[in-house]
4 protein chains.
Amino acid sequence: MTLINELNDFCKSTLVEHLGIEFTEAGEDFLKARMPVDNRTKQPMGILHGGASLALAETVGSAASIAIVDNQKYNVVGMQMTANHVGQATHGWVNATATLVHKGTRTHVWDILILNEEGKKISVCRLTNMIIEKT
Amino acid sequence: MTLINELNDFCKSTLVEHLGIEFTEAGEDFLKARMPVDNRTKQPMGILHGGASLALAETVGSAASIAIVDNQKYNVVGMQMTANHVGQATHGWVNATATLVHKGTRTHVWDILILNEEGKKISVCRLTNMIIEKT
Amino acid sequence: MTLINELNDFCKSTLVEHLGIEFTEAGEDFLKARMPVDNRTKQPMGILHGGASLALAETVGSAASIAIVDNQKYNVVGMQMTANHVGQATHGWVNATATLVHKGTRTHVWDILILNEEGKKISVCRLTNMIIEKT
Amino acid sequence: MTLINELNDFCKSTLVEHLGIEFTEAGEDFLKARMPVDNRTKQPMGILHGGASLALAETVGSAASIAIVDNQKYNVVGMQMTANHVGQATHGWVNATATLVHKGTRTHVWDILILNEEGKKISVCRLTNMIIEKT
């Protein structure tokens, strides 16, 4: 089974599935996911809720670290998120790409860029994960 | 109808309702909401997903600004979120309180503290909203 | 020698002294310092440079962790800073207070509030320090 | 006079000059500056103070917005900074590059990457500036 299938399976019956988030593509130092813009993820004005963008960013940034550590030895814990909302999505899907900024022994830092279907920037996010040795 | 009822009504058929978030209490410079810790909001390890906390924080911090501006004249736009995840919730509800840090003419800054049912800190968040005159 | 004197001595011939920063008061879970608003810390428009506020915040937030860990055993490393600039200082001193938000085994989170002499908020900052065992 | 010379002149007798910061290169959507790693910018352990990195980031990110707005009509105000410190500099110079992430009518968002002389990442920063019409 591919990493993408594993991640989608792993997230069944969680927030990830509940928001319709699907992992779509993985590489050496990036991971992609998409999320529908509909009643599950919108705010009352009919546009994508900033909090849905944040949930997508935390999801893809956490999974990206899980995908590159030895999961027998280490736990990944999302520790710090920062995000700027710079555009609006109203329909279709938004696409998130997590790109590795820093890979330390104790922390990973990921940039997560969320674009709408037209390629316009919706949110630019940065997630810091702690990498903690299992005891 | 009270502000709390209005806010809960306003958010029907959105991310807010989809995650089970309920506004619970409002004051001069604070707003409270709660969110269930269950399959809608958990990550695969059975604990509250950091992204759910962020969605809750953005929800209560945005609504808090909406509650204190003249909505005929101004739009509230969530612009910048920053958050530290410092604890874990596994069951019941988490409670979020947004407290006003800065009320400017162009921006509001809110601290949002998320606690679990035992009163332990789960996430400490800060949201910056732009207050934009309607044209 | 008191902790305050030790910290001020420790920071001689560094950025801290160069900016005129002085530690002023310490308690169980807080630390205070002040910084002059003058040509050393202003930007061209004659007001306190936001970067000076950040330097003050990182200084007091780092020292605050140093003050509460066993320095024989642990190093303190500033890892993540986030700050909102919400007011302007033009003269005299600004006062910074670091207050402990989270004290974990691997990280400390501090809120640093910077006020001008009239007690107006200048910057609200949050610093995450890693606490790393010496090897 | 070139933009770089103008910026360096503009910052005389301010924090910028006091820390030895020099603007070095400007382009359509980027601006570069460098800062010496010495007693003016170090912390007590002999490495670059995280607060100096933040001061450099705020300096270059603010100047970058000033360089692209009509200064007769608009003021640039640094509003929100977020930064991850991911490496250490001990000598020579650090180089900062501000790259435009978002150019809106009311806000600019800049990524500021700080590298040491060997090209290693020291800090990754993001600055949000408000662009305010002069009245």
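Take the residues in segment B:40-77 that are crowded, with 24+ Cβ neighbours inside 10 Å, outside any helix (DSSP H, G or I) and in contact (Cβ under 8 Å) with a residue 12 or more places away in the chain, then tell me which one is nearest to the other protein chains (Cβ to nearest Cβ).
Step one: list which residues in segment B:40-77 are crowded, with 24+ Cβ neighbours inside 10 Å, which gives B:41, B:48-65.
Going one step further and asking which of them are outside any helix (DSSP H, G or I), we end up with B:41, B:48-49.
Those left that are additionally in contact (Cβ under 8 Å) with a residue 12 or more places away in the chain: B:41, B:48.
Working: B:THR41: 5, B:LEU48: 9 Å.
The qualifying residue nearest to the other protein chains (Cβ to nearest Cβ) is B:THR41.
Beta carbons closer than 6 Å, at least 6 apart along the sequence or on distinct chains, pair a first residue in segment B:102-123 that is more than 10 Å from every other protein chain (Cβ to nearest Cβ) with a second that is in a loop (DSSP other than H, G, I, E, B) for B:ASN116/B:ALA89; B:GLU117/B:GLY92; B:LYS120/B:GLY87; B:ILE122/B:GLY87; B:ILE122/B:ALA89; B:ILE122/B:ASN116.
Applying the set (1) more than 23 Å from C:THR82 (Cα to Cα); (2) aliphatic (A, V, I, L, M); (3) crowded, with 20+ Cβ neighbours inside 10 Å to B:VAL86 leaves exactly one unmet item: (1). Residues of segment D:101-120 that are more than 12 Å from the chain's Cα centre (by Cα) and either of a type in the set (Val, Ile, Thr) or under 26 Å from B:THR128 (Cβ atoms) (or both): D:VAL101, D:HIS102, D:LYS103, D:GLY104, D:THR105, D:ARG106, D:THR107, D:HIS108, D:VAL109. What's the number of the only condition in (1) at pLDDT below 95; (2) within 25 Å of D:VAL124 (Cα to Cα); (3) not hydrophobic (A, V, I, L, M, F, W, C) that C:GLY51 fails to meet? It is condition (1) that C:GLY51 fails. Scanning segment B:78-94 for residues that are within 14 Å of chain C (Cβ to nearest Cβ), of a type outside the set (Gly, Ala, Ser) and farther than 25 Å from A:ILE122 by Cα yields B:VAL86, B:GLN88.
Residues in segment A:124-135 that are within 21 Å of A:ALA52 (Cβ to Cβ) and touching a residue at least 60 places away in the same chain (Cβ under 8 Å): 3 in all. Before we move on, is D:ILE4 touching a residue at least 12 places away in the same chain (Cβ under 8 Å) and touching a Phe, Trp or Tyr at 6+ places or on another chain (Cβ under 8 Å)? So D:ILE4 passes the test. On the given criteria, is B:THR97 facing chain A (nearest Cβ under 8 Å) and touching a residue at least 24 places away in the same chain (Cβ under 8 Å)? Taking the combined requirement at face value, the residue does not satisfy it.
Evaluated against (1) within 13 Å of chain D (Cβ to nearest Cβ); (2) within 10 Å of the chain's Cα centre (by Cα); (3) among the basic types (Lys, Arg), C:LYS32 falls short on exactly one condition, (1).
The values are calculated or read from the model by the stated rules, or taken from the named source; none is laboratory data. No experiment lies behind these values; they were computed from the predicted model shown. Ideal geometry is used to build each Cβ from the backbone, glycine not excepted, and the neighbour counts take in all protein chains shown.
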